[in-house]
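A.B. asks: I have a structure here, written as structure tokens, and I will follow up with some questions on it.
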Amino acid sequence: MKADRSSLFFFASRFAGLFIIFLLVFADLKLPELMEGSDFETNFYTAGCLVAQGHPELLYPPPGSQSYLETAFNTRAHELLPHLPKPTTAIYMYSPLAAAIFAPFSFLSPSMSMLAWQTVSLGALIGCAALLAPLVGQKLSNLFWGSFMFFPVFHILLIGHIAILLGLLPLSAGYFLACRNRPFSAGLTWSLLLLKLQFLPVALLFSGALALCRRLRCLMGLFCGFSLLSILSVTFLPASVTSNWLSSLKLSDTILSNPIYGYPAYLLSSMPAVLLHALPEDKKAAGKIAVYVVAFIISVLALVFCRDRLLKASLDLKSAAPEIMLLGLAVLPVVLPHFLFYDLCVLLPAGMIVFGTGWQPETALPLRRLGLAAWVVIDAYFILFMFV
């Protein structure tokens, strides 16, 4: 009976995956005006064009800006995308080095660029499945097609966000290396999460727990990777661009709280963001301190738990890695202030690990029940805000 249910699930996942891929191609080619409002075309395609045209200084508001509305980036986006609704504000908040990745896509039309990016993202998703398959005792094909049953993955592909290539792929690769007891290589790989900051705390949890056990190789790998990325950034882009990016980060909170941006609040998917959004404007400053203190305490407790788990495993990273990974992924929506629905795709590796082999029966059952409940709730919420 269990084998029959599994076969039915993977058959349904293949059907869903093929349908989703068809839907993406159809939307890109037949509904280009609609897709101009996607994250990729509005933000990342525009960023790639500015870098390719030699104007990376226009990626971010100048220092001292109080708004994203009257920026050169927003103006350029509306010039490149004539069907972009006028009320839409184009905003690029990621690192300038990430913007350089999109420069080659700027030589295509917006719709073809979107299709090319989605193809690259699908390739990265295959890469994640290939890395995790031997660790969880599943076929690559089952993991890849099964991913489409987790709707944050569909959401990411639909809007053309960066979380699969620049988030899930380095996260999965680092976890693969950690399970092979190669902490320095894992840290070096995880340093790429600097391009997708919301997923970086998982790497910090691993390296921090190891450092507390006087094992510094993972932390050294992270530091070396950060240094290499910094060197690349200042070599190929003006230092002022990075400075403008860092100064513009303080405006990121205003996107969620200021109604002039018309940001869809239903995408908020983390405890700090939801709590702060619910507070009256005059209570937000005090509430932010309280919420961030709680998030910090939870982070410290997670770090201590991971250290203890490593000590219990006699510092064998391979045996402790699954539990550390699961805790790190589960903590993200609880502690991060800027975490949206599509960022929940980071829980995809957690699902693969939970439903993989190697767990003791007394551990597997509660984990899988929890994983199934989370999967159903997250998918149901996507259906709710998309269609209801």
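A.B. asks: Using the Cα centre as the reference, give the magnitude of the dipole from point charges on the C-beta atoms of segment 287-329 (Lys, Arg: +1; Asp, Glu: -1; all else neutral), rounded to the nearest 20 debye.
C.D. replies: With Lys and Arg at +1 and Asp and Glu at -1, about 80 debye.
A.B. asks: So how exposed is residue 21, as accessible area in Å² (1.4 Å probe, rounded to 10)?
C.D. replies: For residue 21, the solvent-accessible surface is approximately 50 Å².
A.B. asks: Using a 1.4 Å probe, how large is the accessible area of residue 355, given in Å² and rounded to the nearest 10?
C.D. replies: Approximately 90 Å² of residue 355 is accessible to the 1.4 Å probe.
A.B. asks: Related question: Order 30, 284, most accessible first, counting only protein heavy atoms with a 1.4 angstrom probe.
C.D. replies: I get 30, 284, largest accessible area first.
A.B. asks: Then there's this: Normalised by the residues of segment 31-190, what does the relative contact order come to in percent, with Cα pairs under 8 Å and at least six apart?
C.D. replies: Computed over segment 31-190, the figure is 24 percent.
A.B. asks: Give the carbon-plus-sulfur fraction of the accessible surface of the chain in %, rounded to a whole number; probe 1.4 Å, heavy atoms of protein chains only.
C.D. replies: Details: 12850 of 18060 Å².
The C+S portion of the solvent-accessible surface of the chain is 71 percent.
A.B. asks: Which whole-number percent gives the relative contact order of the chain, counting Cα pairs below 8 Å spaced six or more residues apart? Show your work: numbers first, answer last.
C.D. replies: Working: 512 pairs, mean separation 72.3, N = 388.
Averaging sequence separation for qualifying contacts and normalising by length gives 19 percent for the chain.
A.B. asks: Also: Can you give the accessible area per residue of segment 70-161, in Å², using a 1.4 Å probe?
C.D. replies: 37 Å²
A.B. asks: Please identify, among 361, 96, 32, the residue showing maximal mean-square fluctuation in a Gaussian network model of the chain using a 10 angstrom Cα cutoff.
C.D. replies: Between 361, 96, 32, it is 361 that shows the largest mean-square fluctuation.
A.B. asks: Keeping all protein chains in place and using 1.4 angstrom, which order do 269, 230 fall into by accessible surface area, from largest down?
C.D. replies: On the way: 269 25, 230 65 Å².
These residues rank, largest area first, as 230, 269.
A.B. asks: Hey, how many Å between the Cα centroid of segment 114-158 and the Cα centroid of segment 2-49?
C.D. replies: 11 Å
A.B. asks: Working from Cα positions, state the angle (0 to 90°, nearest 10) between the long axis of helix 169-179 and the longest principal axis of the chain.
C.D. replies: The angle comes out near 20 degrees.
A.B. asks: For the chain, what is the mean residue ellipticity at 222 nm derived from helices alone (per DSSP H run of n ≥ 4: -39500 (n - 2.57); sum divided by total residues; nearest 500 deg cm²/dmol)?
C.D. replies: -21000 deg cm²/dmol
A.B. asks: Which value does Rg/Rh take for segment 1-88 over its C-alpha atoms, Rh per Kirkwood? Intermediate values should be presented prior to the final figure.
C.D. replies: Details: Rg = 19.9 Å, Rh = 15.9 Å.
A ratio of 1.25.
A.B. asks: GNM on the chain, C-alpha springs below 10 Å: top fluctuator among 199, 26, 144?
C.D. replies: Taking springs between Cα atoms under 10 Å, the residue moving most is 26.
The values are calculated or read from the model by the stated rules, or taken from the named source; none is laboratory data. If you're wondering where the values come from, they're calculated on a predicted model, not measured in any experiment. FYI the Cβ positions are ideal-geometry reconstructions off the backbone, even for glycines, and counts take in every protein chain you see. To get the accessible areas, we keep the full protein, side chains included, count just its heavy atoms, and leave off ligands, DNA and RNA. Shrake-Rupley method; radii C 1.70, N 1.55, O 1.52, S 1.80 Å.
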